[in-house]
Amino acid sequence: MSYKLPSDEEVADAVRMAISRRGVVNSQRRLAELVLKELKSTDPDFSVTEERVRRIAIDRGIVKVNIIARDSEKKTASNECPVCGVKMKRIRNLTVYGGSINLGYRCSRCGYWTGLTNRRPIRYIFSKK
């Protein structure tokens, strides 16, 4: 069975249509299903992954995303945002003695944040911007 990959612009247009019809989408999987339905109306061979839909929607500024995450016992190891893939900025605080300590990391694009222990996203809620 063959498939075609739509361009980023075609995916972005499908996201705009899906989010304008629904208003709020309560999961990444549901958003991908709605976008795929929009894409298949133009070409039945189109296919797209959930992660690609999420990243394009956030990169293009089409949606506002609310990220629900859970804490894990592992320390934060990466400076890359697990939601949108950009480099996260450190959250720092000054100490009484003039030094500074690292409190965690924050993504400037999507708003995801994590402390010194890792927070992993478990649900995304997308809404119209």
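The values are calculated or read from the model by the stated rules, or taken from the named source; none is laboratory data. In this text the structure is predicted, and so the values were computed from the model without any measurement. Cβ sites come from the backbone with ideal geometry, for glycine too, and all protein chains shown count toward neighbours.
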Report task. Please state which one of Ser41, Ser72 is surrounded by fewer than 18 Cβ atoms within 10 Å (Cβ to Cβ) and assigned to a helix (DSSP H, G or I). Result -> Ser41
Query raised in the report: Since Arg70 meets every condition but one in (1) within 19 Å of the chain's Cα centre (by Cα); (2) over 29 Å from Tyr3 (Cα atoms); (3) without any contact (Cβ under 8 Å) to a residue 24 or more places away in the chain, which condition does it not meet?
Result: (3)
Query raised in the report: Looking at (1) closer than 12 Å to Ser127 by Cα; (2) free of Cβ contacts under 8 Å to residues at least 40 places away in the same chain, which is the one condition that is false for Glu9?
Result: (1)
Report summary line: Among residues of the stretch 79-89 being at pLDDT 90 or above and in a strand (DSSP E or B), the residue nearest to the chain's Cα centre (by Cα) is Lys87
Query raised in the report: Within the stretch 94-118, can you find the residues that are more than 20 Å from the chain's Cα centre (by Cα) and assigned to a loop (DSSP other than H, G, I, E, B)?
Result: Thr95, Val96, Tyr97, Gly98, Gly99, Leu116
